[in-house]
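Structure first, then comments.
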Amino acid sequence: METPEKKNLLDKLKDGLDDKEEQMAILATFVRLGVVVWAGFIITLNYVELPVIKKGSSSDITFVASIFTGTLATFGINTSNSKGKGNTPVCPMATQPKKKE
């Protein structure tokens with residue numbers, strides 16, 4: 001009897017998706033998600049004081065913040081402040097498509 005080979009997560013994804021473009025799109029989404037988590041963690045560490053990590057001088061997190069904002073923009077999330085402009089953002093997912101009759 002043959003024992004079934006254990007598959008890791010990437011092998012399962014490859015089996016589920018036949019198209020190479022779909023595989024690359026999912027991989028790209030995971031990479032972007034990883035960048036968002038990493039940048040958010042670095043930004044959070046700048047403001048949170050942990051007893052394990054000694055906080056020296058204040059560091060400039062402009063570069064990490066721009067990467068965070070840019071990566072969020074690839075997901076369609078806008079982080080700009082538009083309170084004074086009176087424009088409310090329109091979510092494309094909130095509008096229901098019209099049914100064809």
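The values are calculated or read from the model by the stated rules, or taken from the named source; none is laboratory data. Everything numeric here is computed off the predicted structure, so don't read it as measured data. Cβ atoms come from the backbone with ideal geometry, glycine included; neighbour counts cover every protein chain shown.
Key figures
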read-out	value
Neighbours by Cβ (under 6 Å, 6+ apart or cross-chain): first from region 21-34, touching a residue at least 40 places away in the same chain (Cβ under 8 Å); second surrounded by 11 or more Cβ atoms within 10 Å (Cβ to Cβ) and of a type outside the set (Lys, Arg)	32/71; 32/74
Qualifying helices (runs of 4 or more DSSP H) (wholly inside region 1-74; at least 1 residues being surrounded by 12 or more Cβ atoms within 10 Å (Cβ to Cβ) and modelled with pLDDT of 85 or more)	20-47, 62-74
